[in-house]
Each structure stands twice: as C-alpha cells, then as structure tokens.
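This report refers to the structure that appears directly beneath it.
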Amino acid sequence: MRCPFCTAVEDKVVDSRESAEGASIRRRRECLKCGKRFTTYEYIEEAPLMIIKRDGTRQRFDRERIKTGILKACEKRPVSVEKIDEIVDEIEREIQRKADREIKSTEIGNLVMEKLYTLDEVAYVRFASVYRRFKDVSHFMKELQKFLE
Ligand SMILES: [Zn+2]
C-alpha cells in the first residue's frame, strides 16, 4: 500500500481486526520509511446486481433511482421515507437471492406495485400509471377497476 504521507510503498501491518459482522477487515499499517500509520479496509468483492431492461440491455442496479421513482409516486401521501427504504431493501434482497444476480426491470416494477398496493392506493395507481405506460385512458380505467374490486 502506498503511504498517504510520503508515498513510499513499503509498510507493515501492525493490527488486523475483523468488523463485528465479519463483512470487512480493518488493518492498521505503518510506513517503513516515515513511520506514520494509516488504515486500510478489505472487503469481499461482490458481483454487481444487474437490471435487464425492456430492450434487453443491462444496467447496474441503482438503489437511488428506484427510490426516486417510489418517492415520486408517494408524494404528499402518508408513506414514510423509512417505509420506502424498506421496499427498496426488499427488492435488493430479492435480486441477491437470484443465482445470477440479475432481475428484469418489469419484475422490479411488479414488486414495487405489489408493495404499494398494500401500502397506499393513490401511490399505487400513480406508480402503475407511469410504470405500465398506459396507452390510453380506457386501459388505465380497466386496471383501476381491477384494483377497486
Ligand atoms: Zn510514509
């Protein structure tokens, strides 16, 4: 590791400590040239979570992006940001459970709708109307009808 103080590359590890959850290892290092100490962290490299879009291209799963979509649907509705974070967490876990760590964007949309359906009907309808890209009002009304039943 390059020393952040003098840029020498020789150092020794003076302390190694695993984090409480075992997800990372923290190492204290001492530069052999200037003697100053610095810290490095070691993590397991995980394959990224991917989304397969409608046109077949793949995109990295982006929590913030999905959260923004849900936030928009929940605007001025009695749904807490905490609850929205929970939804995003659940979706993230859903993808992690998949062997290839990939999910279709349509599947994400369906998952979000499922959650919103039980949470807030206005947010559900808003999200569905954007997400399903209803071509005309009658299609939208039909979907709404299903929901009201
Ligand atoms: Zn140094």
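Coordinate-derived values only; no laboratory data. Nothing here was measured: the structure is a model prediction, and the numbers come from that model. Glycine also receives a Cβ, built like all others from the backbone with ideal geometry; neighbour counts cover every protein chain displayed.
Worth pointing out:
- Nearest 10 degrees, 0 to 90: helix 105-119 Cα axis against the chain principal axis: 70 degrees
- Each label was represented as a point 7 Å from its Cα along the Cα-to-Cβ direction; for Arg58 and Lys72 these points are 2.6 nm apart.
- Listed pairs Lys115/Lys146; Lys67/Lys146; Lys115/Lys142; Lys83/Lys142; Lys76/Lys104; Lys53/Lys76 exceeding 22 Å between Cα atoms: Lys67/Lys146; Lys83/Lys142; Lys76/Lys104; Lys53/Lys76
- Sorted by Cβ density within 10 Å, fewest first, the residues Arg54, Arg2, Arg132, Arg29: Arg54, Arg2, Arg132, Arg29
- Between Asp11 and Leu32, the built amide H atoms are under 5 Å apart, and every one of these is 5 or more places off in sequence or on another chain.
- Rounded to the nearest 10 degrees, the angle from helix 121-131 to the longest Cα principal axis of the chain is 80 degrees.
- With a Förster radius of 41 Å applied to the beta-carbon distance between Glu10 and Ser129, the computed FRET efficiency rounds to 0.10.
- Three-way shape call for segment 50-148 based on the alpha-carbon gyration tensor, with the a/c threshold at 1.5: oblate
- At full extension, Lys33 and Glu82 could sit 12.8 nm farther apart than now, given 0.36 nm per residue minus the alpha carbon distance.
- 0 to 90° range, to nearest 10: angle between helix 63-73 axis and the chain longest Cα axis: 30 degrees
- Segment Tyr41-Arg2, length gained on full extension (0.36 nm per residue, minus Cα span): 12.7 nm
- Helix-only mean residue ellipticity at 222 nm for the chain, each DSSP H run of n ≥ 4 adding -39500 (n - 2.57), per residue, nearest 500: -14000 deg cm²/dmol
- Listed residues Ala123, Ala20, Ala99, most fluctuating in the chain (Gaussian network, C-alpha, under 10 Å): Ala20
- In this structure the amide hydrogen of Lys104, modeled in the peptide plane, comes within under 5 Å of the amide hydrogens of Ile52, none closer than 5 places in sequence on its chain.
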